[in-house]
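Working notes, structure below.
Just so it is clear, none of the values below were taken in a lab; they were calculated from the coordinates. Keep in mind it's a predicted model, so treat the numbers as computed, not measured. Cβ sites come from the backbone with ideal geometry, for glycine too, and all protein chains shown count toward neighbours.
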Amino acid sequence: MSLMKRNSFKDKAQRDLGNKAHGRTPTDLGPTQRQLRAGELVRHALVEILNEEDIHDDALVGVSITVTEVRCSPDLRHATVFVEPLGAGLDGVTISKAQIGPAVEALNKHAKFLRGVLGRHIDMKFTPALKFLHDESFNEAARIDALFMRPEIARDLHHDEDPDET
């Protein structure tokens, strides 16, 4: 009888896991290798497309866009594309949402056109729907660097001599 209870517990535990990968939920795992590969494929193709294609929009004239990251949904039908103007984040240059906002809006306005061109550049079962967002990671990194450069924080980071040893 105890063997029967143990087996039923094991069956229940397996049943509770369902289709989860090795007992972990997708949120525990982060993106899968498949999502990461698809995101890189889309990113590389979008870089080529934005470099080669002429998108007729006043907000994109004279603006060089860097595609920093592409995150695909688990079913690979949606992709969030993070973009940044060329040179942002270098030498403390930060770009505000007001400055990049019109370019991101223009890219979102032309997302269907870009998706059509993307479909001819990549070999995937479905071409993902594109959503463009400004990449805030460079601004956040510049803010953190500025914090570390403040004298009161830099003082705490440098431990040349331990006062207890002298």
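Summary table below
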item: Order of His121, His158 - criterion: other Cβ atoms within 10 Å of each residue's Cβ, fewest first; result: His158, His121
item: Gain on full stretching of the segment that runs from Phe148 to Lys125 - 0.36 nm per residue minus C-alpha separation; result: 3.6 nm
item: Cα-based shape type of the stretch 30-157, given that a ≥ b ≥ c are square roots of the gyration tensor eigenvalues and the cut on a/c is 1.5; result: oblate
item: Label-point separation, Asp58 to Ser73 (7 Å along Cα→Cβ), nm; result: 3.4 nm
